[in-house]
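Here is the structure we will look at.
The values are calculated or read from the model by the stated rules, or taken from the named source; none is laboratory data. A quick note: this is a predicted structure, and the numbers were derived from the prediction, not measured. Every residue, glycine among them, receives a Cβ derived from its backbone with ideal geometry; neighbour counts consider all protein chains shown. Protein only, heavy atoms only, side chains kept; ligands, DNA and RNA dropped before computing areas. Shrake-Rupley method; radii C 1.70, N 1.55, O 1.52, S 1.80 Å.
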Amino acid sequence: MPKSDLILLALDDSPILKLMASALSVNYKTAIANDTKSLGLLLLETTPALLLVGERFDGHEGLKVARELLERFPTLPFLIYTEKAKPELIKGIFRLGLSGFLAPPLKTDDIVVAVEDSLRNAHRVGDWLRREVKRTTATFRKRAEISETERSRLEAVFNNIHDSVMILDFDKNILLVNPAMCRAFGLNARTAVGKPVTDVINQPDLLALVSRPDQTDPLQYYEVSFPDGRVGNAQFNPIQDVGFAVTMQDITYLKEVDRARSEIVHTVSHDLRSPLTSVIGYTELVERAGELNDNQRDFLHRIQESIRHITSLINDLLDLGSVEADFDTRREFVQPDAILRYTLDMLQGQIRSKKLKVNVDIASSLPAIRVNPIRLRQVLDNVVGNAIKYSNNGGEVNVSVMAEDDQIILNVRDNGPGIPPADQPHVFDKFYRGSNISEQVTGSGLGLAIVKTIVDNHRGRIWVESAEGRGSSFFIVLPVNAEPAQALKRPA
């Protein structure tokens, strides 16, 4: 062992102290601490390779002294000298993880060997620790390099996303903003980052989006209109432990296509309805012009039915265009049970003709809901009318209305043919009819599309549960106080 190693002896003055100092001084430097104060000073001023402490030292228990010093010097090896190796002492030495102990009878070689073994074990542990530190450091460095690479890739992806993206913290300060968002709102990324979004962006639609009262509720569809005619579809989503993400896609082209389609449908529908009205009028006059035979009368009735079907289809198209455009933002508080009773009264003729049993369950004390009453009547006419239309003769239709929290829940259930599982995702699509519906059952395939659009415009939800051959159940949930879709675009 090199002479530079220092052995610190913390023993009361005794012959054994002199023996140990003499035995170790041949190969090591030694220092003696006569009390705990001098021991503390020596530990501050020197760096001992090993501390040999007596079972009793300066009136203190040696194990207690070792325990306190290990908290400050966890890698320092310790040996305990004891006059008698008692089991309790040996347990305490192993419990603390000390190097070992020395006990009489002792020879010079015994002392040297014990110290050498302790130092050898300490060096072995130190070498292992240094290797582990080196390996761990190399691993962390590699991970840091990988993280930097991943960061570069993430930045490349983030900066090249076609959609506009902005990340906010919980105080609505801008953390990240990509070039697409900068172009959309005329921002400078360097000056924008770190500032409140309300100080950087003055676009009213986006400000209304990020200032919504309920920040925990994700919003997936929100139109942002720009003065130059551009239209964006924005989303607002909370991100755990980060803040919020605002994303936006440019839907100007889609809005233009939709507007052109609506104009074409509206124009064509109007142009068709006028001559059809004339045709139906003339067919009614034919019977007045002279006696018709049975075949002529049958042909005439077929013409009239076909014209009525086409007229109904045109009316549905016009209605759908109006509903989709959401031109009518009228809202007033009405009693849903009253409108439901109007619908049932209107459909009494169909109910009686099919000999149906209609069970109505209306909860007491229903709150008034803020809706467009004409559109709500339209929803009920379609959904209840469909239940009656598709129910078997002599069957049963169940209609229930209840309130839950700040919502009204309507359920209409029939015992008709049901909807095949493959058809259920498409029942609210335009012109879609179930594959198990007979062609003799009339319908334009637009009714449920209109219903879905009206419910969406009222910030509600609609869905169907059905089993083929066992009927269908439609659920409609409407908020009690629903703002018009367009009114939600801007703060009041």
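Identify the residue in the stretch 4-29 that is part of a strand (DSSP E or B) and open to solvent by less than 50 Å² (accessible area, probe 1.4 Å) and, among all such residues, is farthest from L106 (Cα to Cα).
This residue is L6.
Within the stretch 27-44, can one find any residue that is charged (D, E, K, R), farther than 15 Å from D12 by Cα and either touching a strand residue (DSSP E or B) at 6+ places or on another chain (Cβ under 9 Å) or touching a residue at least 40 places away in the same chain (Cβ under 8 Å) (or both)?
Yes: one or more hits.
I'd like to check something: does the stretch 246-256 contain any residue that is surrounded by 15 or more Cβ atoms within 10 Å (Cβ to Cβ), at pLDDT 75 or above and over 30 Å from N233 (Cβ atoms)?
no
Quickly run through the stretch 49-94 and pick out the residues that are open to solvent by 10 Å² or more (accessible area, probe 1.4 Å), closer than 19 Å to V113 by Cβ and in a loop (DSSP other than H, G, I, E, B).
Correct list: A49, P77, A85.
For the stretch 386-400, which positions are open to solvent by less than 40 Å² (accessible area, probe 1.4 Å) and among the hydroxyl-bearing types (S, T, Y)? Break it down stepwise before answering.
From the stretch 386-400, those open to solvent by less than 40 Å² (accessible area, probe 1.4 Å) are 386-388, 391, 395, 397-400; that's our starting set.
Hits for the stretch 386-400 are S391, S400.
Residues of the stretch 157-194 being out of contact with any Leu (no Cβ under 9 Å at 6 or more places or on another chain), without any contact (Cβ under 8 Å) to a residue 60 or more places away in the chain and on the phi > 0 side of the Ramachandran plot, which ones?
The answer is G186, and nothing else.
Would a scan of the stretch 371-385 turn up a residue that is in contact with a helix residue (DSSP H, G or I) (Cβ under 9 Å, 6 or more places away or on another chain), in a loop (DSSP other than H, G, I, E, B) and open to solvent by less than 40 Å² (accessible area, probe 1.4 Å)?
Yes: the stretch 371-385 contains one or more residues that are in contact with a helix residue (DSSP H, G or I) (Cβ under 9 Å, 6 or more places away or on another chain), in a loop (DSSP other than H, G, I, E, B) and open to solvent by less than 40 Å² (accessible area, probe 1.4 Å).
Is there a residue in the stretch 50-61 that is of a type in the set (A, V, I, L, M, F, W, C), over 59 Å from the mean Cα position of the chain (by Cα) and over 15 Å from I7 (Cα atoms)?
yes
Filter the stretch 153-189 for residues that are open to solvent by 20 Å² or more (accessible area, probe 1.4 Å) and of a type in the set (S, T, N, Q) and give the result.
N159, N160, N173, N188
Here is a check on your reading of the model: is D171 among the charged types (D, E, K, R) and under 20 Å from E223 (Cα atoms)?
So D171 does not fit the description; no.
Yes/no matrix, rows are residues, columns are (1) hydrophobic (A, V, I, L, M, F, W, C); (2) over 30 Å from L50 (Cβ atoms):
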{"residue": "V125", "(1), (2)": "yes, no"}
{"residue": "L129", "(1), (2)": "yes, no"}
{"residue": "F140", "(1), (2)": "yes, yes"}
{"residue": "E148", "(1), (2)": "no, yes"}
{"residue": "L154", "(1), (2)": "yes, yes"}
{"residue": "V157", "(1), (2)": "yes, yes"}
{"residue": "C182", "(1), (2)": "yes, yes"}
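What pairs come out if I take residues in the stretch 329-357 that are surrounded by 14 or more Cβ atoms within 10 Å (Cβ to Cβ) and pair them with residues that are charged (D, E, K, R) whose C-beta lies under 6 Å away, six or more apart or interchain?
Partner pairs satisfying both residue conditions: R331/R370; I339/R377; T343/D381.
May I ask you to list the residues in the stretch 361-370 that are in contact with a strand residue (DSSP E or B) (Cβ under 9 Å, 6 or more places away or on another chain) and either open to solvent by 70 Å² or more (accessible area, probe 1.4 Å) or assigned to a helix (DSSP H, G or I) (or both)?
Passing the criteria: D361, S365.
Would you confirm whether any residue within the stretch 52-63 is of a type outside the set (A, V, I, L, M) and under 21 Å from S25 (Cβ atoms)?
yes
Hey, any hits in the stretch 439-455 for a residue that's at pLDDT below 85 and of a type in the set (V, I, T)?
Keep residues of the stretch 439-455 that are at pLDDT below 85, which gives 439-447.
Subsequent filtering for residues that are of a type in the set (V, I, T) retains 441-442.
Within the stretch 439-455, one or more residues are at pLDDT below 85 and of a type in the set (V, I, T).
Out of everything in the stretch 95-108 that is part of a helix (DSSP H, G or I) and free of Cβ contacts under 8 Å to residues at least 40 places away in the same chain, what residue ends up being nearest to L50 (Cα to Cα)?
L96
Kindly evaluate N411 against the criterion of being surrounded by fewer than 20 Cβ atoms within 10 Å (Cβ to Cβ) and outside any strand (DSSP E or B).
Values: surrounded by fewer than 20 Cβ atoms within 10 Å (Cβ to Cβ): yes; outside any strand (DSSP E or B): no.
Taking the combined requirement at face value, the residue does not satisfy it.
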